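Report on the following structure.
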Amino acid sequence: MRVRTTTSGRPRPPTRDSGWWALLFLLPAAAGLVIFEIWPTFQTIYFSFTSWGAFGGHVWSGLENYRTLIADSDIVHAIVNTAIISVISLLAVPLSAIVAALLSLPGMRGVTVYRTLYFLPVVTLPAAVALTWKYLFNGDYGLINWLLSKIGVDGPHWLSNPATAIFAISIVGVWGSIGYNMVIFLSGIRGIPTDYYEAAELDGAGRLAQFFHITVPLLTPSIFFVTVITVINSLQAFDLIYLMVGQQSPAIERTETLVYLFYQRGFAEHDGGYAAAIGVLLLLATLILTAAQFRLQRRWVHYG
């Protein structure tokens, strides 16, 4: 496309009409956002004030679903389980930073291979990940218990034991998010000027001191972004629980999250109004936690 120029050969400044071209290119993305994100959100809020029949259809019920929500003990269990998974999932943040720092060391060989291996869980289907780890955690013939037996430890039935199931699920979540976080941290580390490390090395600082006093402070914007994404993803935990634990497991009560309870009430019990109320609760929890993280980031995130 030819750029219009003035008689002096300089490009003309953008005119008022050029803004329409920007809006035209933004229209597909904006339409997708409205149709698939914003409009369903408002629909969910509306449906949370309705009661649904087993064969569809809904009538206005006011705050009835929210009254039931407050008195429902399953909601309390789901909130606790979701909080446990979210806290454990945050372990992926420091682990990913350490892995990225190690892969960024000068002279490190096979970086491309390691990076590919760590990133594979991100592009692997959740069903394949869940079935693989379900086999590894099997209490009778799983690889993990077999390895534990070699050192004299009798491993439990990880996924059917209410005391260990949620931790097994969380471990898989941490393992699956390291690859994505690592890519973000690698990009952040590459943006740190090498002069800082050279000056620190001249002052006698070792690798560990450089990591905590240079890499981590200058990586805090990336750490903040990854932390926000990790919390949001952990609040939406469902597929691993559904595929690894199952509805008939004795550990399901200790592992069901808000999203799993949303699925159970909405699709198994066909109570769409109550499921929508759970969805609104999850939306509020996500907004509150995200807002709190943005407020607290002023104290520890360093830009520039």
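Being among the small types (Gly, Ala, Ser) and in contact with a strand residue (DSSP E or B) (Cβ under 8 Å, 6 or more places away or on another chain) is the requirement here; does SER48 meet it?
On the way: among the small types (Gly, Ala, Ser): yes; in contact with a strand residue (DSSP E or B) (Cβ under 8 Å, 6 or more places away or on another chain): no.
No: the conditions fail for SER48.
Only one entry in ILE184, ILE288, ILE241, ILE189 is open to solvent by 30 Å² or more (accessible area, probe 1.4 Å) and in contact (Cβ under 8 Å) with a residue 24 or more places away in the chain, namely ILE184. Identify the single condition in (1) open to solvent by 20 Å² or more (accessible area, probe 1.4 Å); (2) under 30 Å from LEU102 (Cβ atoms) that HIS270 does not satisfy, given that it satisfies every other one. Here HIS270 clears every test but (2).
Contact map, the range 121-144: residues that are of a type in the set (D, E, K, R) paired with residues that are assigned to a loop (DSSP other than H, G, I, E, B), Cβ distance under 7 Å, separation 6+ or inter-chain. Pairs shown: LYS134/LEU159. Pairs are defined by a Cβ separation below 8 Å, a sequence spacing of at least 6 or placement on different chains, a first member in the range 148-167 that is closer than 19 Å to VAL87 by Cα and of a type in the set (A, V, I, L, M), and a second member that is part of a helix (DSSP H, G or I) and open to solvent by less than 70 Å² (accessible area, probe 1.4 Å); the pairs so defined are ALA165/VAL245; ILE166/ASN81; ILE166/ILE84; ILE166/ILE85. Within the range 137-181, the set of residues being open to solvent by 40 Å² or more (accessible area, probe 1.4 Å), of a type in the set (A, V, I, L, M) and assigned to a helix (DSSP H, G or I) comprises LEU143, ILE144, LEU147, LEU148, ILE171.
Here the condition is being free of Cβ contacts under 8 Å to residues at least 12 places away in the same chain, open to solvent by 20 Å² or more (accessible area, probe 1.4 Å) and in a helix (DSSP H, G or I); of PHE212, PHE262, it holds for PHE212 alone. Within the range 82-98, the only residue that satisfies the criterion of being under 13 Å from SER187 (Cα atoms) and over 15 Å from the mean Cα position of the chain (by Cα) is ALA97.
Name the single residue, out of those in the range 70-97 being open to solvent by 20 Å² or more (accessible area, probe 1.4 Å) and in contact (Cβ under 8 Å) with a residue 12 or more places away in the chain, that is nearest to LEU218 (Cα to Cα).
LEU95
For the range 42-63, the candidate set comprises residues that are in a helix (DSSP H, G or I) and in contact with a helix residue (DSSP H, G or I) (Cβ under 7 Å, 6 or more places away or on another chain); within that set, the residue that is nearest to HIS270 (Cα to Cα) is PHE47.
The values are calculated or read from the model by the stated rules, or taken from the named source; none is laboratory data. No experiment lies behind these values; they were computed from the predicted model shown. Every residue, glycine as well, gets a Cβ built from its backbone with ideal geometry; the counts of neighbours run over all protein chains shown. Heavy atoms of the whole protein, side chains included, go into the accessibility calculation; ligands, DNA and RNA do not. Shrake-Rupley method; radii C 1.70, N 1.55, O 1.52, S 1.80 Å.
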